[in-house]
Each structure stands twice: as C-alpha cells, then as structure tokens.
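The values are calculated or read from the model by the stated rules, or taken from the named source; none is laboratory data. No experiment lies behind these values; they were computed from the predicted model shown. So basically every Cβ, Gly included, is an ideal-geometry build from the backbone, and we count neighbours across all protein chains shown.
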Amino acid sequence: MSLFRCPLCASPLTRTDRTYTCPKGHSFDRAREGYVHLLPANQKHAKDPGDDKEMAAARNRFLSGGWYAPLREALCRLALTYAPAGASVLDAGCGEGYYTAGVYAALSETGQVGQMAGVDLSKPSLRWAARREKAVEFAVASVYHLPVADTSVDLLLNCFSPLALDEFRRVLRPGGVYLYVVPAARHLWELKEVLYDGPYLNKEEDIPYEGFSYLEVVPVEAVLELPDRDTIRDLFSMTPYRWKTPKAGAARLEELDHLRVAAAFRVHVFHREPA
C-alpha cells in the first residue's frame, strides 16, 4: 500500500511500477522518474504551478553543493529524536527532495522509517526529488489538499513551505511531531544588502498554533563563503527575491564574484495534541 490516498474519493491507493490505483477504479500514472500526479484540475490554480524548471534546477545545484547541510543535519537529528519505530513521514512542500532524502537516509539506518512521502506543486522539482531517492513516494499535490489519510502521519516536515495548519492537524496522529523550518532574523542578510537599498530583518516569533504545543525551537546558523558567480546566482534564483528584486539590485548582484553570507534558520518543533 501507499501512504497516499486517492485525491478524488479518498480511498487508499495501491502502487505498482507504473500506476497508483484505488478500489473505486481511479488510476494515476507514474511519471518516468517515479512521481505521481495527484492534483485534481479544480485544485490547480495555474497552468504550471510551483517552482519553474530554472528555479528547481538552481535549488538542486545549490543544495547538492552542501551549502545548507547544517540545516539538513539538524532535521536528521530531530527526526531521529522524535520519530517512532516504523514511522510514517511526510514532507509537505518537499521541493527537489534534498531534506526529504537526508531524513529518509537517517531514519532508514536506525529502522525508524516505515513509509515516507513528499508532495509539492512543482513537477520540475519532483523530477529531481524522485531521482534523488527512489524509496520515497513523491506526488504533485497541494499542501492545502494533502492526498493522505487522517491521522496517518507520525512525523511531518515543512521547510519554507506554506503553513497549511488545517491539513497538518488532520493528517498528523495525536502525539505526532511537526518540524517547521522558517528563516531566522538575519537569514541571507548580506545578500539582501546587495539587492535592496533598505533591507529588513525577518520577523521571529513563537506562535502557539491551535492543536499543537511547542517541544522546542532549534536555531541553525552557518556562514557561507560562496566562491563564484554561478553559486551566487543559484542562491538568488532559488529564493523569492528572484521575483521581487529591483533591476539595480539584480545588476549589483551580477557584479559579484564572491559573497560571504549568513544562513540562519529556526526549526519549530511541535507536538500534535490529542483531538
């Protein structure tokens, strides 16, 4: 069986080499890379939703270079701390699968993972993800309409993705753990100083979301010495700054051949309270 359920009737899905099928006869073909499309037309609000091919490729190059390895290592440590044996794990907004694959590998070594899946709107991102870790299921889907059964997930990851609290409460079992990664105050500050005349700090706050209680907040920081224009350009291209940078800022960035920049994250660790 699959961790996914049918997006049309909510029945369990069975995975084969080529398809996912449900008992009511709905069938979904798997792409060549292995992911499946589980986003119904009425949930698709753009022709090609999610990150485009260029953005997905830039993120894959940058993350594969190990620049955000401290964050992946922190997520692996937290997963090992909080996941039960044989856990069902979901990465909601998995992108190109860098963190997904890291957590899966860590949990596999200890036998703590039973099933793991990742969802994202971006088909270009999922092509990278499905090639990166073939043992994980990946699907085109919205975090606001997760194709996952109620209370079926033990550990939920969400790295820089939309906060779909209603769905997260629904799919997490009571006692399950939610890892929510957000940028810390000075994340990529030096990059922002190049791009904008008046950069601002990211807001840091601890919010007691309904149905969740805090276990801890884990800071993760690293100083990155980006050695060339291609790496700097990849970092810029994988961030939202790509869409909202003035021309003058983008021109200043193009002149750089080296950038020393801080990466700063906060991992909010939540416990799913009993219903």
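Six or more apart or on different chains, Cβ under 8 Å: which pairs go from a residue in the range 107-133 that's farther than 17 Å from P7 by Cβ to one that's among the charged types (D, E, K, R) and part of a helix (DSSP H, G or I)? Could you list them?
Listed by first residue and then by second, the contacts come to P124/K53; S125/R59.
Residues being within 30 Å of P227 (Cβ to Cβ) and out of contact with any helix residue (DSSP H, G or I) (no Cβ under 9 Å at 6 or more places or on another chain): count how many of those fall in the range 79-103.
Of the residues in the range 79-103, 0 are within 30 Å of P227 (Cβ to Cβ) and out of contact with any helix residue (DSSP H, G or I) (no Cβ under 9 Å at 6 or more places or on another chain).
Could you grab me the full set of residues in the range 172-214 that are part of a loop (DSSP other than H, G, I, E, B), free of Cβ contacts under 8 Å to residues at least 60 places away in the same chain and not acidic (D, E)?
Y196, G198, P199, Y200, L201, N202, K203, I207, P208
Mind counting the residues in the range 187-224 that are of a type in the set (D, E, K, R), within 14 Å of V267 (Cβ to Cβ) and surrounded by 14 or more Cβ atoms within 10 Å (Cβ to Cβ)?
2
Let me confirm something: among L39, L8, which residue is assigned to a loop (DSSP other than H, G, I, E, B), among the aliphatic types (A, V, I, L, M), touching a residue at least 12 places away in the same chain (Cβ under 8 Å) and farther than 27 Å from V181 by Cβ?
Result of the check over L39, L8: L8.
Just name the residue that is surrounded by the most Cβ atoms within 10 Å (Cβ to Cβ) out of those in the range 76-89 that are among the hydrophobic types (A, V, I, L, M, F, W, C) and in contact (Cβ under 8 Å) with a residue 40 or more places away in the chain.
Per the stated criteria, the residue is V89.
Which of (1) crowded, with 22+ Cβ neighbours inside 10 Å; (2) touching an Asp or Glu at 6+ places or on another chain (Cβ under 6 Å); (3) not basic (K, R) is the odd one out, the single condition L156 does not satisfy?
(2)
Just for the range 144-164: of the residues that are assigned to a loop (DSSP other than H, G, I, E, B) and touching a residue at least 60 places away in the same chain (Cβ under 8 Å), which one is nearest to G114 (Cα to Cα)?
S152
If the Cβ limit is 9 Å and pairs must be 6+ apart or interchain, which residue in the range 47-72 that is at positive phi and modelled with pLDDT under 95 pairs with which residue that is hydroxyl-bearing (S, T, Y) and assigned to a loop (DSSP other than H, G, I, E, B)?
G50/S122
Check A56 against each of (1) surrounded by 22 or more Cβ atoms within 10 Å (Cβ to Cβ); (2) assigned to a loop (DSSP other than H, G, I, E, B) and name the one condition it does not meet.
So the condition that A56 fails would be (2).
Give me a count of the residues in the range 90-136 that are surrounded by fewer than 23 Cβ atoms within 10 Å (Cβ to Cβ) and in a strand (DSSP E or B).
Final tally of qualifying residues: 2.
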